[in-house]
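Engineer: Sharing a structure with you now.
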Amino acid sequence: MANSAEQRPHVSTDNNANQTHYYVTLVVAIAFGLAGTFFRFIQDSFLFTSISNILLIIGSFIAFRTVFRIMK
């Protein structure tokens, strides 16, 4: 039985999403977010609330920036 289908060239699917530094950056962003969440529950004071909000904002910024760089 003869196969009449032609051989197609190999398609390379090399993209930027598999690079290691993206995963490391996302882990750092998640660590900032978790630290901000834990600081929120330490004590009910202005200082700890401010620190937790700053850590959450930094973690969110890093995470969104990394995700949008992956999608680019």
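Read-outs: derived from the displayed coordinates by stated rules, not from any lab. Only a predicted model underlies this, so the values are computations on that prediction, with no experimental measurement involved. Don't worry about glycine lacking a Cβ; one is built from the backbone with ideal geometry, like all the others, and counts go over all protein chains shown.
Engineer: Across the stretch 54-72, what is the number of residues that are of a type in the set (Lys, Arg) and assigned to a helix (DSSP H, G or I)?
Structural biologist: The number of residues fulfilling the criteria is 2.
Engineer: Would you confirm whether or not the stretch 45-53 contains a residue that is exposed (fewer than 10 other Cβ atoms within 10 Å of the Cβ) and outside any helix (DSSP H, G or I)?
Structural biologist: Checked the stretch 45-53: at least one residue is exposed (fewer than 10 other Cβ atoms within 10 Å of the Cβ) and outside any helix (DSSP H, G or I).
Engineer: Under 7 Å between Cβ atoms, at least 6 apart or on separate chains: pull out the pairs that start in the stretch 17-30 with a residue that is closer than 12 Å to Ile70 by Cβ and end on any residue that is among the polar types (S, T, N, Q) and part of a helix (DSSP H, G or I).
Structural biologist: Tyr22/Thr66; Thr25/Thr66; Leu26/Thr66
Engineer: Let me ask another. Filter the stretch 12-44 down to the residues that are among the β-branched types (Val, Ile, Thr) and surrounded by 13 or more Cβ atoms within 10 Å (Cβ to Cβ) and list them by number.
Structural biologist: Thr25, Val28, Ile30, Thr37
Engineer: Being assigned to a helix (DSSP H, G or I), hydrophobic (A, V, I, L, M, F, W, C) and over 18 Å from Ser60 (Cβ atoms) is the filter here; which residues of the stretch 7-44 pass it?
Structural biologist: Ala17
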